[in-house]
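Beneath this line is the structure, given in structure tokens, with notes to follow.
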Amino acid sequence: MSLIAELKRRNVIRVAIGYVVLSWLLLQAGDVLLQLLGVPDWGLRLVFAILALGFPVALVLAWIYELTPDGLRRDPGQSADPGLAQQTGQRLNIAVSVLLLLAIALFAVSTFLPTSAPDRSGPLEMRTSEPGEPETPRHESVQASIAVLPFEALSEDASDVYFGKGIAEELLNALTQFPGLKVAARTSAFAFEDENVDLREIGEKLDVAHVLEGSVRRSGERLRVTAQLIRVDDGFHLWSETYDRTLTDVFAIQDDIVRQLSRALEVRLGVGGGAGRAERGNVDPQAYEQYLRGLALWGERDNPPDNRKAALAAFRLAAEIAPDFADAWSAIGNVFAFSDNDTLSLSHDEFLRQGEAALEKALDLDPDNAAAHAGLVSWMGRILLRLEAARRHLERSLELAPNRAESHYSAGYFWSLIGNVAAAKLAFDRAVALDPLNLTVQRGRALFLIGIGRDDEAFLFFDRCFETECMPGLVSFFGSSAAIVAGDRERARAWMEYLGPSIEEYLDQPPERIAPELRVFTWWIATSLGDAAETPVEGMDLDELIEAAPFIGLAGPLLASVLPEDLMMEYLFEMYRQNRMFMSPFAMMPYYRDSHTYPEWLLSDPRYHELWSQPGMAELAKARRGNGQLIGLPLESGATKNQGSGKHSR
């Protein structure tokens, strides 16, 4: 008898198949049970080792012994009863078949059924509503939420501080790809660095139920990384692991941590399922350190405002050291996408060239770079007015990282630009929920709320910011401007006191001694409050007006009432040619509030109709009309502004 035939007769092949299937089922069950019991990752590896060692033992036992109605007995060899061997084989066939059916069923469930309902809180799927109708953002359960804190540097090398931040940064970026997981954004999570804050307080401020923290220690070429997942309400350690590797293995360590978190979060929170990986490749440590330094500055870009330039310098140095570092180029592009050429001290042409080149370079190096796609939403939308391209990048950025705060922040500005109030509100709410301590994100949301007339909600931020002095100087500038647009003179006067020199002191100076943008702003403030005795803007030429471009959303309607009509129209056309019509955070004010829009002469002027027929402007007008937003658009012949309804009558 051949060996194969003898293996079949002794049921060794059946036992082998059954053992492999049974082992796989046991590993799946063990993965769940060990996680629930809080057993470290080595527990599952131990189970696998035991099962692997048992495989040859099972084969040997199957060869030596035969299963009979009276139990196990030594196989007699060729003299064995063929009927008994056939009966035993049939029983094993049934057992193996049952195990295979169980394995197939478990595989199908884990593969084709989602572990949690897909996240629908993004702005791309929502009900429509009127601008004034309250919106209640739909957030996932707080249990499916996490904050990644900077990993503590235990060695004396100062550069290890950035190294610890880098590991946390990579893990955070990977976790934002988990569809059902709320991940606190970097600016908010890293705000607790060097602070001895109780985890419960962190969980409360960031509205998260779990915290990932850890430490790093470098010694020569050796690296030790410790990571632990903690439930904030009781401090229970859900998972922890220590990695002792060489320094070159840091990215492998990050990838391993993400895989382990995926398992832990999938079991405990019903999210994950293998989404999200920490993939970057080897980046020069000096470049990465500059990149992290730039992120820290960019997170506080308005406090003080010089942080914008400092962040850009750090990102540029990172890209110079590592020209193939996609995230550095993406960060450079995002600085341009959310700034203007005056702030960055660049000419209009250089601003456009450098900004577009950086974002294109980022996507050339990494087509799936979520940050670059988010930056292009603002760049293509608010600056170039290429709305369809902006929408494509918006969809891609949210597809790649559905819980990235900056992507929702970009979405808020895009939806606001095209007049979809409901979508913009949800996007800004989502951004604030993911990054609750980011003042720039909160300010952007507050100004949007002022624009659509939800003043009380907006003032909650400004009132709180004044109480805590969150943005000295800037909060007074933004807050008082918002109060004037809202018609709250009392609040505006109170908040103006924080700016320093009074408006009267500025206006008393000769016009040539005041920068054009400051001259326009102070005149608008004083006139709006009824304090201006003169009109220092009447003598301004086109170049001076262009310097005041950041304030067109605030002062534009009032300028239209005092400037010569030809100069005002030339000013608007030049703003369009320089891509500055909708760049400012205040830019949309005249297109939402009927009390703050352009005068009727301008809206009816044929030249204004011509402006809105230009490339980009025509598409924008169509989009805003489609969303029911008519304020600030050209009036048709015979139409008038309807102050009561908040929309233009036709």
Say whether the condition of being charged (D, E, K, R), modelled with pLDDT of 80 or more and more than 29 Å from H393 (Cα to Cα) is met by at least one residue in the stretch 149-170.
yes
Of all residues in the stretch 581-627, which are closer than 20 Å to I452 by Cβ, surrounded by fewer than 20 Cβ atoms within 10 Å (Cβ to Cβ) and in contact with a strand residue (DSSP E or B) (Cβ under 9 Å, 6 or more places away or on another chain)?
D594
Within the stretch 366-424, count every residue that is surrounded by 24 or more Cβ atoms within 10 Å (Cβ to Cβ) and of a type in the set (K, R).
2
Considering only residues of the stretch 466-492 that are in contact with a Leu (Cβ under 8 Å, 6 or more places away or on another chain) and either in the same structural domain as A587 (by TED's automatic domain parsing) or at pLDDT below 85 (or both), which is farthest from F521 (Cα to Cα)?
C470
Identity of the residue in the stretch 559-618, in a helix (DSSP H, G or I) and among the basic types (K, R), that ends up farthest from A337 (Cα to Cα):
R607
Output the residue which, of all residues in the stretch 314-341 that are of a type in the set (S, T, N, Q) and not in a helix (DSSP H, G or I), is nearest to D284 (Cα to Cα).
S339
Before we move on, is G444 outside any helix (DSSP H, G or I) and closer than 26 Å to S595 by Cα?
no
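Can you name every residue in the stretch 313-353 that is of a type outside the set (D, E), under 18 Å from R577 (Cα atoms) and surrounded by fewer than 19 Cβ atoms within 10 Å (Cβ to Cβ)?
L346, S347, H348, L352, R353
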Within the stretch 538-558, of all residues that are more than 19 Å from G451 (Cα to Cα) and crowded, with 23+ Cβ neighbours inside 10 Å, the one modelled with the highest pLDDT is L545
Out of D349, D364, D368, sole residue that is out of contact with any His (no Cβ under 8 Å at 6 or more places or on another chain) and outside any helix (DSSP H, G or I):
D368
Tell me yes or no: at least one residue of the stretch 265-287 is surrounded by 20 or more Cβ atoms within 10 Å (Cβ to Cβ), at pLDDT 80 or above and either under 22 Å from T176 (Cα atoms) or charged (D, E, K, R) (or both).
no
Assess whether L417 counts as being out of contact with any Cys (no Cβ under 8 Å at 6 or more places or on another chain), under 24 Å from R580 (Cβ atoms) and outside any helix (DSSP H, G or I).
no
Within the stretch 594-627, can you find the residues that are within 19 Å of G556 (Cβ to Cβ) and either in contact with a Gly (Cβ under 9 Å, 6 or more places away or on another chain) or among the small types (G, A, S) (or both)?
D594, S595, H596, T597, Y598, L603, S604, G616, L620, A621, R624
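The values are calculated or read from the model by the stated rules, or taken from the named source; none is laboratory data. Owing to the predicted nature of the structure, the values given are computational and were not obtained by experimental measurement. Ideal geometry is used to build each Cβ from the backbone, glycine not excepted, and the neighbour counts take in all protein chains shown.
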